[in-house]
Amino acid sequence: MMENDMESGTLGLGAYQDKPRVFPNMRTKPYTPLIFRILLSINVRVLFVILLLGLGAIFYVGASTSPIIVFVISVCILSFLVAIYLTKWVLAKDEGPPEMVQIADAIRDGAEGFFKTQYGSISKMAMLLAVVILCIYLFRSTTPQQESSGLGRSTSAYITVAAFLLGALCSGIAGYVGMWVSVRANVRVSSAARRSAREALQVATRAGGLSAIIVVGMAVIGIAVLYATFYVWLGVDTPGSMKVTDLPLLLVGYGFGASFVALFAQLGGGIYTKAADVGADLVGKVEQGIPEDDPRNPAVIADLVGDNVGDCAARGADLFESIAAEIISAMILGGSMAQRCKIAGKYLNPSGFILFPLVVHSFDLVVSSVGIFSIRGTRETGVMAPMEDPMTILQKGYSYTIVLAVLAFGLSTRWLLYTDQAPSAWFNFALCGLIGIITAYIFVWIAKYYTDYKHEPVRILALSSSTGHGTNIIAGVSLGLESTALPVLVISVSIISAFWLGRTSGLVDESGTPTGGLFGTAVATMGMLSTAAYILTMDMFGPIADNAGGIVEMSQQPESVREITDVLDAVGNTTKATTKGFAIGSAALASFLLFSAYMDEVSAFAHEPFKQVDIAIPEVFVGGLLGSMLIFVFSAWACSAVGRTAQEVVNEVRRQFIERPGIMDYKEKPDYGRCVAIVASASLREMIKPGALAIISPIVVGFVFRILGYYTGQPLLGAKVVAALLMFATVSGILMALFLNTAGGAWDNAKKYIETGALGGKGSEAHKAAVTGDTVGDPFKDTAGPSIHVLIKMLATITLVMAPIFL
């Protein structure tokens, strides 16, 4: 049972002067995943020897594959050392007074407890799906390439399942790292805010940076080691074995495993965080008129726990999955293009085209680290120093990262994509990368324009709150709908430009047909993701700053400290919105690439060309309709899950205020644990239905139309209908996610803008209307929207893995 310590003291907020303060003491035994418990139980010297042997084995396998793999692994290991330095730097910061530490401990316990239960459920589902994949692969037909290389059904089945489970494990670890960092950094940011705004910003950024470096580094080293292991084990490129250009297709299981875990992590975490947030806001702010994160609100701990499990753990898994999917799709396209162009020989090695994405992300780790370290603290401590705009400081770091990314990208293309067949091709591909980098920058700017309260759209939305709740909702919905236009135009221009630059690169197949178009688009995707670690840093910054603000409010620090965390929180909302814009842009490009890979795989299995999908065929058109419907139903179920869980929280918080009237006067303690238990159990229950819909739909549709095609004499019907489902779901999903993310972010920052004192400030009628808008936007921007990013890529990877059952 929960206990609490009663402390008394003067408070920073005038209205609360001279009242005792209530703090939860929920400390239980901290949770550490089994894999870390095993490592910690081993003697340090033994562990060191095992680590050295492991690294030696990895470098041996890498050296046996390609010098490029050795370079990639080396950069990843160096980046992990940078992450260790950042961990030590962040953990060396003080945690502040005891009341702050107690609140942080309660948040940490809640987050770790939920993580343990949630990932326990996800791992059971992953094992079940692994058995299903194994059965499908053991009874499917093999491709001509597999037959010629002697890769039997059973080998192919075990490779795919092993890759799937490894991808799922790494995605889970990425999520755990995101949460581990955030629950330790939040209280240190709160403490730093008592000294200066710049120091608080630096601590939050470095904490986000260490998480980002580990997530990106793990995605890259995981694929590099898997690729090298398969290369050596299968004896690739030796007579009578598999060609190196076919090897990337074996990695698809890794991407599917990562997507699978990320989808459930995002759904479960998103439902948890937003149900608690909506419940806390509706009763606390609107009905009781108490500030956000007030210690008297029974749902406040659940809300703060939600920031960590929803925004940090889930986003870590999400970006891990994004990077894994993009790297694998680009490797598949690089391999197929190298095969068509007959790029082979000592100086024309196809490995350059295949391993190019890994090198780009290795440089991403380097340039993003420079951007993270460019954000420094200032010498003067003391909150009276004039406060700089944190967004400007973060943007400056992003600018450094982008300039270095352009230089690194040019170097990578000259090193890996130069061929004597087309001497200027590398320059065309470097321009494709530049298009991707510019696209990423524009995406970040568009999201900032629509969600930052310094710009007109959010101010107009805030103004609409002054005439009531209804006008606020109308304005928010229309803003979200309008915000889809610019990103779609930008992504359209970038896809076509990159395709034509690739097509005119001079690379042609045996018949003289230009073949570089799709690879050009793949390179643009890599360009867009060449600053992914810095973008993820800005994303992780948001929930850490939000939590820090909650700890400051609950421990009732002086108003000046809360002002600093409020500014950081508002900037964090904008950075989260910009990251979501960036994520959906990269998801659009990645899905386009995975779609092409799917068509290539179908033609390999069917032994006949599969180049286009004709939506004039009724069954194919129906497949498209089902794909669009899937996005809408999935979004509906995700939002209604938040609504149902929030209703339980609202009822519980109201019950506590009625049954314990002393809560408002600090005479009785709220039962924080009850709200934590409600949202934890409800979110685990509610995440199953939309997640199952996403996984089962494409498999059922493909299988049903395969049977229909068999009886109507259309052997490829199942594959065509699934292709249409994938295409329409991607298009609908991009638009839906843009709408949900931007509308939600704008509603949140319109509320924050009013809380700065505009339009009557906190407690005014405009503020109450803005809170309503914010609660509507919560499931939009933090549950349904981010889950759609994962859904789009998971549909693409699941169709690649399950392609054999559609034929």
Acute angle (nearest 10 degrees) that the helix 618-659 long axis makes with the longest principal axis of the chain, alpha-carbon atoms: 20 degrees
Keeping all protein chains in the complex and leaving out DNA, RNA and ligands, what accessible area do you get for residue 261 with a 1.4 Å probe, in Å² to the nearest 10? 10 Å²
Hz values of 3J(HN,Hα) by residue in region 264-273 - Karplus curve (6.51, -1.76, 1.60), Gly and Pro given as x: 6, 5, 5, 5, x, x, x, 5, 4, 5
Whole-Å semi-axes of region 756-807's equivalent ellipsoid, largest first, each the root of 5 times a Cα gyration tensor eigenvalue? 45, 8, 5
For region 666-758, listing chymotrypsin sites (Phe, Trp or Tyr not before Pro) in a DSSP loop whose Cβ sees at most 16 other Cβ atoms within 10 Å gives 666
With a ≥ b ≥ c taken as the square roots of the eigenvalues of the C-alpha gyration tensor of region 557-618, please select rounded if a/c is under 1.5 and otherwise prolate if a/b is larger than b/c or oblate if it is not? prolate
The long-range amide H neighbours of residue 422, using H built 1.01 Å from N in the peptide plane and a cut-off of under 5 Å, are none
Can you work out D for region 656-807 in µm² s⁻¹ from Stokes-Einstein, where Rh is the Kirkwood radius over C-alpha pairs, the temperature is 25 °C and the viscosity is 0.890 mPa s? 127 µm²/s
Stokes-Einstein D in µm²/s, Kirkwood radius over Cα pairs - region 134-292 at 25 °C with 0.890 mPa s viscosity: 127 µm²/s
Which of (i) 26.7; (ii) 29.3; (iii) 27.8 gives Kirkwood radius over Cα pairs in Å as computed here? It is (i)
If you roll a 1.4 angstrom probe over the protein chains with everything in place, what fraction of the accessible area of the chain belongs to carbon and sulfur, to the nearest %? 66 percent
Quote to one decimal, in nm, the extra length available between residue 89 and residue 127 on full extension: 0.36 nm per residue of separation minus the C-alpha distance between them. 9.9 nm
Global size of region 428-534 as Cα Rg and Dmax, reported in angstrom: 19.3, 68
Rolling a 1.4 angstrom probe over the protein heavy atoms, how many square angstrom per residue are accessible across the chain? 34 Å²
Dimensions (Å) - region 54-134, Cα atoms, principal axes, largest first: 56, 41, 17
Karplus couplings for region 790-797 from phi (6.51 cos²θ - 1.76 cosθ + 1.60, θ = phi - 60°), rounded to Hz, Gly and Pro as x? 5, 4, 4, 6, 5, 4, 5, 6
Can you compute the label reach from residue 625? Point 7 Å from Cα along the Cβ direction, backbone N cut-off under 16 Å, restricted to region 695-711. 701, 705
Computed [θ] at 222 nm, deg cm²/dmol, the chain (DSSP H ≥ 4; -39,500 (n - 2.57); rounded to nearest 500): -26000 deg cm²/dmol
For residue 607, what accessible area in Å² do you get when you roll a 1.4 Å probe over the heavy atoms of the protein chains, rounding to the nearest 10? 120 Å²
Tilt, helix 390-416 to longest principal axis of the chain (alpha-carbon atoms), in degrees rounded to tens, equals 10 degrees
Using only the Cα atoms of region 68-202, build the gyration tensor, take square roots of its eigenvalues as a ≥ b ≥ c, and label the shape rounded, prolate or oblate: rounded if a/c is under 1.5, else prolate if a/b is larger than b/c, else oblate. oblate
Theoretical gain in end-to-end length, residue 559 to residue 414 [0.36 nm per residue, Cα-Cα removed]: 46.7 nm
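List the equivalent ellipsoid semi-axes of region 236-383 in whole Å, largest first, each obtained as the square root of 5λ for an eigenvalue λ of the Cα gyration tensor.
Semi-axis lengths for region 236-383 are 48, 22, 9 Å.
The values are calculated or read from the model by the stated rules, or taken from the named source; none is laboratory data. All values derive from a computational prediction rather than experimental measurement. As a convention, Cβ positions derive from the backbone with ideal geometry for all residues, glycine included, and neighbour counts pool all protein chains shown. Please note that ligands, DNA and RNA were not included when accessible areas were found on the heavy atoms of the full protein model with its side chains. Shrake-Rupley method; radii C 1.70, N 1.55, O 1.52, S 1.80 Å.
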